[in-house]
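Notes follow the structure.
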Amino acid sequence: MLNLEFGIWDSGTEHFRAKNYDTSADLIERSMLYVSRDEESRSRRADCFRVLSICHIALQHLDRALEFVNEAYKVLSFLLILCQMVLGVASYI
């Protein structure tokens with residue numbers, strides 16, 4: 001499944017670079033179906049949400065863009081808290 005995810009992601013980013021935002025958003029959303037929800041995949045999910053929000057801003061779908069911005073914020077907030085916990089524990093060692 002990982003190869004399928006990256007193939008769809010790569011195709012979506014190619015369309016993004018070509019400013020085909022509608023197709024890019026569709027492909028990036030499809031690639032997210034193959035991204036697991038575990039901690040190791042959180043940065044990949046955040047990247048997907050970031051690209052999706054930019055696509056929808058370009059398409060003037062501002063409500064949809066805001067949804068993706070909020071999702072990216074949730075993922076990144078978790079990563080920030082996780083980093084703070086690790087750094088906090090590391091300072092006691």
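I'm checking my understanding of the structure. Among residues of region 48-93 that are under 26 Å from residue 38 (Cβ atoms) and among the acidic types (Asp, Glu), which one is modelled with the lowest pLDDT? Here the residue is 71. Checking each residue in region 46-75 for being open to solvent by less than 20 Å² (accessible area, probe 1.4 Å) and farther than 20 Å from residue 23 by Cβ picks out 46, 72, 75.
Which of the residues spanning region 6-34 are of a type in the set (A, V, I, L, M), outside any helix (DSSP H, G or I) and at pLDDT below 95? Residue satisfying the conditions is 33 alone.
Residue pairs whose Cβ atoms lie under 9 Å apart, sitting 6 or more positions apart in sequence or on different chains, and linking a residue in region 7-24 that is at positive phi and of a type in the set (Lys, Arg) to a partner that is open to solvent by 40 Å² or more (accessible area, probe 1.4 Å) and part of a helix (DSSP H, G or I), are 19/58.
The residues listed here are 42, 37; of these, the one that is open to solvent by 50 Å² or more (accessible area, probe 1.4 Å), modelled with pLDDT under 90 and touching a Lys or Arg at 6+ places or on another chain (Cβ under 8 Å) is 37.
The values are calculated or read from the model by the stated rules, or taken from the named source; none is laboratory data. All of these numbers come straight from a predicted model, not from anything done at the bench. Note that each Cβ is placed from the backbone with ideal geometry, even for glycine, and that neighbours are counted across all protein chains shown. Surface areas here come from the heavy atoms of the whole protein model, side chains and all, with no ligands, DNA or RNA. Shrake-Rupley method; radii C 1.70, N 1.55, O 1.52, S 1.80 Å.
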